[in-house]
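Participant: Can you read through this structure? Questions will come right after.
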Amino acid sequence: MSMVQTRRRFLAGLSMAGTVGLVRPPPALAAEGALETTTVRISRIEAICLAPQYAGEELLRAEGFTEIHYVQVSPMDIPQAIGRGEVDFSTTLAVDLIHAIDAGAPIVGLAGVHVGCYELFAKPSVRRLTELKGKRVAADDPLLFKLMAAQVGLDPAKDIDWVSSTDPAFNPLELFAQGKVDAYLGFPPHPQELRARQVGQVIVNTAVDRPWSQYFCCMLTGNCDYVRNHPVATKRAMRAILKAADLCATEPERAARRIVDGGFTKRYDYALQTLKDLPYDKWRDYDAEDTIRFGLPLCERRESLRVIRCLPVTW
């Protein structure tokens with residue numbers, strides 16, 4: 001039996017479980033064996049789109065985890081934090097996962113979680129991505145914008161006037177709102193805030209615009225040592241987070257309330273709008289390996305193909 005077929009059978013089992021009884025312990029827990037550890041650490045950033053890992057705390061407890069820690073990290077440092085062993089799992093942008101593995105980070109892609117979430121805002125005078133040639137651009141994730149620019153024939157290094165900083169106080173959203181940059185690429189709740197302030201216009205929405213809407217935006221990523229040493233715990237954590245993605249799709253009000261009450265974001269209206277807009281129910285339909293291949297142009301050594309081989313598909 002091929003690894004891909006085995007992985008798909010595992011995901012199909014999750015699909016059959018549906019969203020009924022989301023917080024009940026799965027009946028197959030005993031057959032899977034005991035958890036090697038009851039502790040799991042998951043990253044925490046301000047992005048609402050990572051809602052499944054936040055809304056899934058109760059589901060993680062139903063899987064047998066008793067110590068669930070959410071560790072604050074920088075959005076751009078998620079793969080590196082996983083590789084350093086500061087967190088065990090996190091949803092992370094697929095292009096960041098690919099780039100980190102290409103750089104040698106000891107992390108592994110486990111599954112796609114959701115499609116879309118980033119939106120590219122521009123000044124009224126800019127109608128399409130190609131018109132950003134020679135313009136000033138800021139982004140919550142420059143790697144994703146570089147891939148977007150390359151897809152339309154722009155050279156990200158030569159054609160874009162990048163505005164960035166390592167200063168923690170750097171705020172690309174405010175630079176765009178103040179008219180100091182021509183375009184801004186952001187993740188929730190930043191697009192919701194710009195719309196509320198009636199600033200700019202959306203020229204690319206990765207949740208609905210091709211080709212971005214045809215691939216995973218974010219993927220569940222794990223620390224290689226944790227995955228290798230705790231296969232049962234890894235499977236159960238993965239199952240809980242993917243069930244939580246179902247919860248976000250079928251009961252967005254309930255999931256939004258959970259992440260607000262848990263302190264992961266402040267505004268319920270922004271959280272609810274995000275959960276309603278993003279297709280959290282697509283994780284069964286899309287292929288994580290296709291997403292990896294789509295992002296390979298960012299790689300220098302193309303070693304990111306090993307993310308496919310490292311997928312825990314033998315479950």
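The values are calculated or read from the model by the stated rules, or taken from the named source; none is laboratory data. Owing to the predicted nature of the structure, the values given are computational and were not obtained by experimental measurement. Don't worry about glycine lacking a Cβ; one is built from the backbone with ideal geometry, like all the others, and counts go over all protein chains shown. Each accessible area value is taken on the protein alone, full model and side chains, heavy atoms only, with ligands, DNA and RNA left out. Shrake-Rupley method; radii C 1.70, N 1.55, O 1.52, S 1.80 Å.
Participant: Please report the carbon-and-sulfur percent of the accessible area for the stretch 112-154; probe 1.4 Å, protein heavy atoms only, DNA, RNA and ligands left out.
Facilitator: Numbers: 720 of 1570 Å².
The nonpolar share, carbon plus sulfur, comes to 46 percent.
Participant: Quick one: what are the phi-derived ³J(HN,Hα) couplings along the stretch 243-253, Karplus 6.51/-1.76/1.60 with θ = phi - 60°, whole Hz, x for glycine and proline?
Facilitator: Those phi angles translate into 5, 5, 5, 4, 4, 4, 7, 8, 9, x, 5 Hz.
Participant: If you don't mind, there's one more thing I want to ask. By the gyration tensor of its Cα atoms, with a ≥ b ≥ c the square roots of the eigenvalues, what is the shape of the stretch 129-224: rounded for a/c under 1.5, prolate for a/b over b/c, or oblate?
Facilitator: Numbers: a/c = 1.28, a/b = 1.15, b/c = 1.12.
Because its axes are fairly even, with a/c under 1.5, the stretch 129-224 counts as rounded.
Participant: Could you list which residues have their amide H under 5 Å from that of residue 217, counting only those 5 or more apart in sequence or on another chain, with H placed in the peptide plane?
Facilitator: Residues meeting the criterion, in which the H sits 1.01 Å from N, are 114, 115, 116.
Participant: Hey, can you grab everything whose amide H is under 5 Å from the amide H of residue 139? Only 5+ residues off in sequence or another chain; H modelled, so Pro and N-termini drop out.
Facilitator: For residue 139, whose amide H was placed from the backbone, the distant partners under 5 Å are 185.
Participant: Can you list the HN-Hα couplings for the stretch 262-272, worked out from phi with the Karplus curve (6.51, -1.76, 1.60; θ = phi - 60°), rounded to whole Hz and with x for Gly and Pro?
Facilitator: x, x, 7, 8, 8, 9, 5, 5, 5, 5, 5
Participant: Amide H neighbours of residue 44 under 5 Å, counting only residues 5+ apart in sequence or on other chains, H built in-plane at 1.01 Å?
Facilitator: For residue 44, whose amide H was placed from the backbone, the distant partners under 5 Å are 71, 72, 73.
Participant: With a 1.4 Å probe and all protein chains left in place, how much accessible area per residue does the stretch 30-96 have, in Å²? Can you show the working numbers first?
Facilitator: Numbers: 2300 Å² over 67 residues.
Accessible area per residue: 34 Å².
Participant: Could you sort out which of 135/180; 123/146; 146/276; 133/282 sit more than 22 Å apart by Cα distance in this structure? Could the numbers behind the result be given before it?
Facilitator: Numbers: 135/180 11 Å; 123/146 19 Å; 146/276 28 Å; 133/282 33 Å.
From the list (135/180; 123/146; 146/276; 133/282), the Cα-Cα distance tops 22 Å for 146/276; 133/282.
Participant: How many percent of the accessible area of the stretch 162-208 is carbon or sulfur, using a 1.4 Å probe?
Facilitator: Working: 1040 of 2190 Å².
Using a 1.4 Å probe with all protein chains present, the stretch 162-208 comes out at 47 percent carbon and sulfur.
Participant: A further question follows. What trypsin sites (Lys or Arg not before Pro) in the stretch 142-218 are in a loop by DSSP, with at most 16 other Cβ atoms within 10 Å of the Cβ? Provide the component values of the computation, followed by the final result.
Facilitator: On the way: sites: 146, 158, 180, 195, 197; in loops: 158, 180.
Here the sparse-neighbourhood loop sites are 158, 180.
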